[in-house]
Ligand code: LLP
């Protein structure tokens, strides 16, 4: 990302600050800071109030751990914004809770991946499951992405935005006959086949419909992705893919079948992977099989290494995507093979915030007891903290002027003690304050439910100083309709 500061271009971080180089930096009303120093030193020379950040965030920025460094949300004049849009304006207009995404952040993440793979013939297939809002799909389509889907529903979403079926990869262990037929008729680009039974079913259905099915076999390379056990998929004990030996047998079987066109080979070892090593190990392992297949006279056009590229939520050292891209290029060498990837989280996670309002504060008189901030978002809006004990940063949209800083558990109104968004966060909160839960662009809205008959929150896409509601708030009529239609209530 680049920005013009005093007529010179500087590489800047998501905070809008120069990463390196010299510049004169003057923010609103601040004394000028001049010199040839790192961004951190420059930042240290400016009083936090000029940057519109509260002391706590300023300190964490300077120590290099602030989520503001890698998130679409940032403070401007004391107010948390997405791009140029203050979040309070969005709350005024659409209410809370609401998911808010940044178009430019999504675009930049896509560009980062494209740049990392610039030397390698490749195609990015956005993993729809991470955030399936039509506006997001339309954006990635406009940037040149294909799609990775796992259901007929996701295929319908891709088709709804005019996505090219040829650009669609269909993954997943449990494709039903209806889903296979729908995908065959639509003419999707490739089935990632996960078992012998699935292959046999696809063969039969393709023959029946008089279609040719493009197929890649998903190999389980038995590589530890070193991530949360629920989202590791590349180990023998996981339900995904087949062993290399079984894959070889399936390729030989499928090669004989007139309705099957073997186009590639596939693997996906997990999600939120922060080290390149397991990803490269899986690639190497799958390549060995691809080379063995060539010796059997089976030529493949592509290798799909799935998604899983990790991002920062807190203080993780995320995957160095450029270094990973360079290594991938080296490993693929001069092979005449298109690389396909299926990123979801990398493109969307830090592009979005969940905007919520404090309903009630339940501060405790006893120091050993907890303080609860009950907000209007809940585990039905953001399941990740309850399901994976995932960390999401929580920041005030505006700093409450006279509130005392306490350690709060940020909880929702749902009747479960597992309903929390964050625990033990030092924040100065007052009732009715707006707060933002960060990094919810991936696996946020898509994991929402109607638990406690709560309507799903709206989704908003910010573009510069404008915003658009890209999914309206679900009403109680939306929810009751499917049951009222059925019954004699
Ligand atoms: N391809 C396949 C076959 C997948 O199963 C997944 C994710 C992806 C691609 C995209 O992975 P990504 O680039 O987003 O890491 N709900 C969990 C994540 C589940 C991931 C499932 N599969 C979470 O909130 O962390």
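The values are calculated or read from the model by the stated rules, or taken from the named source; none is laboratory data. What you are looking at is a predicted structure, and each value in this text was computed from that prediction instead of being measured. With ideal geometry, Cβ positions are generated from the backbone for all residues, glycine too; neighbour counts draw on all protein chains shown.
Here are a few things to note about the model shown:
- Residue pairs whose Cβ atoms lie under 7 Å apart, sitting 6 or more positions apart in sequence or on different chains, and linking a residue in the range 361-385 that is without any contact (Cβ under 8 Å) to a residue 24 or more places away in the chain and farther than 13 Å from residue 417 by Cα to a partner that is assigned to a loop (DSSP other than H, G, I, E, B) and away from the ligand (no atom under 16 Å from the Cβ), are 364/370.
- Flag for residue 221 being within 16 Å of the ligand (Cβ to nearest atom) and either surrounded by fewer than 22 Cβ atoms within 10 Å (Cβ to Cβ) or outside the structural domain of residue 272 (by TED's automatic domain parsing) (or both): no
- Among residues of the range 76-104, those that are farther than 14 Å from residue 465 by Cβ and modelled with pLDDT under 95, counted: 1
- Among the candidates 285, 271, residue that is more than 20 Å from residue 200 (Cα to Cα), surrounded by 16 or more Cβ atoms within 10 Å (Cβ to Cβ) and away from the ligand (no atom under 16 Å from the Cβ): 285
- Restricting the range 364-375 to residues that are modelled with pLDDT of 95 or more and surrounded by fewer than 20 Cβ atoms within 10 Å (Cβ to Cβ) leaves a set whose member that is farthest from the chain's Cα centre (by Cα) is 371.
For (1) under 21 Å from residue 250 (Cβ atoms); (2) in a helix (DSSP H, G or I), each residue gets a yes or a no:
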{"residue": "138", "(1), (2)": "no, yes"}
{"residue": "155", "(1), (2)": "no, yes"}
{"residue": "159", "(1), (2)": "no, yes"}
{"residue": "162", "(1), (2)": "no, no"}
{"residue": "173", "(1), (2)": "yes, no"}
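- Being part of a strand (DSSP E or B) and not assigned by TED's automatic domain parsing to the domain that holds residue 458 is a condition met by at least one residue of the range 328-339.
- When 421, 461, 427, 395 are checked against the criterion of being under 30 Å from residue 83 (Cβ atoms), within 16 Å of the ligand (Cβ to nearest atom) and either part of a helix (DSSP H, G or I) or in contact (Cβ under 8 Å) with a residue 24 or more places away in the chain (or both), 421 stands alone in meeting it.
- Checking residue 443 against (1) closer than 25 Å to residue 351 by Cα; (2) loosely packed, with under 15 Cβ neighbours inside 10 Å, the condition it does not meet: (2)
- Matching residues, the range 182-240, being over 21 Å from residue 155 (Cβ atoms), in a loop (DSSP other than H, G, I, E, B) and out of contact with any strand residue (DSSP E or B) (no Cβ under 8 Å at 6 or more places or on another chain): 221, 222, 223, 228, 235, 236, 237, 239
- Only listed residue being at pLDDT 95 or above and within 14 Å of the ligand (Cβ to nearest atom), chosen from 167, 132, 156, 142: 132
Conditions (1) surrounded by 15 or more Cβ atoms within 10 Å (Cβ to Cβ); (2) within 16 Å of the ligand (Cβ to nearest atom), marked per residue:
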residue: 178; (1), (2): no, no
residue: 185; (1), (2): no, no
residue: 192; (1), (2): yes, yes
residue: 195; (1), (2): yes, yes
residue: 198; (1), (2): yes, yes
residue: 203; (1), (2): yes, no
residue: 215; (1), (2): yes, yes
residue: 231; (1), (2): yes, yes
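- Within the range 294-322, the set of residues being closer than 22 Å to residue 268 by Cβ, in a loop (DSSP other than H, G, I, E, B) and in contact with a strand residue (DSSP E or B) (Cβ under 9 Å, 6 or more places away or on another chain) comprises 298, 300, 301, 305, 306, 307, 308, 310, 313, 318, 319.
- Exactly one residue out of 474, 483, 432 is in a loop (DSSP other than H, G, I, E, B), more than 16 Å from the ligand (Cβ to nearest atom) and free of Cβ contacts under 8 Å to residues at least 60 places away in the same chain: that is 474.
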